[in-house]
1. Note down the relative contact order for the stretch 1-107 as a percent, whole number, built from C-alpha pairs under 8 angstrom at least six residues apart.
2. How much of the accessible area of the stretch 69-110, in percent, comes from carbon and sulfur atoms when a 1.4 Å probe is used?
3. How much area per residue is accessible in the chain when the probe is 1.4 Å and only protein heavy atoms are counted (Å²)?
4. For a bin width of 10 Å, list the pair-distance distribution of the chain built from all Cα-Cα distances, rounded to whole %.
5. Given Cα pairs under 8 Å that are at least 6 residues apart, what percent is the relative contact order of the stretch 13-76?
6. For the stretch 1-33, list residues with backbone N below 14 Å from a point placed 7 Å from the Cα of Glu88 toward its Cβ?
7. Give me the number: length gained by fully extending Ala114 to Leu11, i.e. 0.36 nm times residue separation minus the C-alpha to C-alpha distance, one decimal in nm.
8. Using a 1.4 angstrom probe on the protein heavy atoms only, line up Glu44, Glu6 by accessible area, largest first.
Amino acid sequence: QVQLVESGGGLVQSGGSLRLSCVASGHRASITHAAWYRQAPGKEREWVGRIIPSGSSEYADSVKGRFTISRDYRKNTVFLQMNNLTPEDTAVYYCYVPLGTGGYWGQGTQVTVAS
């Protein structure tokens, strides 16, 4: 089992920044592969980006150049640094770790960007 807990969401002004954290725990906890998704009201859950064991990462076009995924193995934590936020970034943000037959989702953290 793996548990993922996101934190760091909140209300920010347009142009501001936030750093989200996703802490993995449990006997199978691993952050060698991890991804971030987001879901705005009335919208499908959207893939934001991912990081793989090599440290390479990739991002959706909508966030490329503004968001960065990183990790701290000692803390078993994946981060999503979000810069130059706009109201279009308002959503619940989720981390996801693919393991075994499927994967695990966090409960999400709300990010609201004021217009």
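The values are calculated or read from the model by the stated rules, or taken from the named source; none is laboratory data. Worth saying up front: this structure is predicted, and the values here are computed from it rather than measured. Cβ sites come from the backbone with ideal geometry, for glycine too, and all protein chains shown count toward neighbours. In case anyone asks, the SASA skips ligands and DNA or RNA and just uses the protein heavy atoms, side chains included. Shrake-Rupley method; radii C 1.70, N 1.55, O 1.52, S 1.80 Å.
1. Values: 226 pairs, mean separation 36.7, N = 107.
Dividing the mean separation by the residue count of the stretch 1-107 yields 34 percent.
2. C and S fraction of accessible area: 47 percent.
3. Numbers: 6170 Å² over 115 residues.
Spelled out: the 1.4 Å probe surface of the chain, per residue, equals 54 Å².
4. 15, 50, 29, 6, 0
5. On the way: 60 pairs, mean separation 17.8, N = 64.
Relative contact order comes out at 28 percent.
6. Zone members listed by number: 15.
7. On the way: separation 103, 0.36 × 103 = 37.08 nm, distance 0.71 nm.
Fully extending the segment from Ala114 to Leu11 adds 36.4 nm.
8. Numbers: Glu44 160, Glu6 20 Å².
If we order Glu44, Glu6 from most to least accessible, we get Glu44, Glu6.
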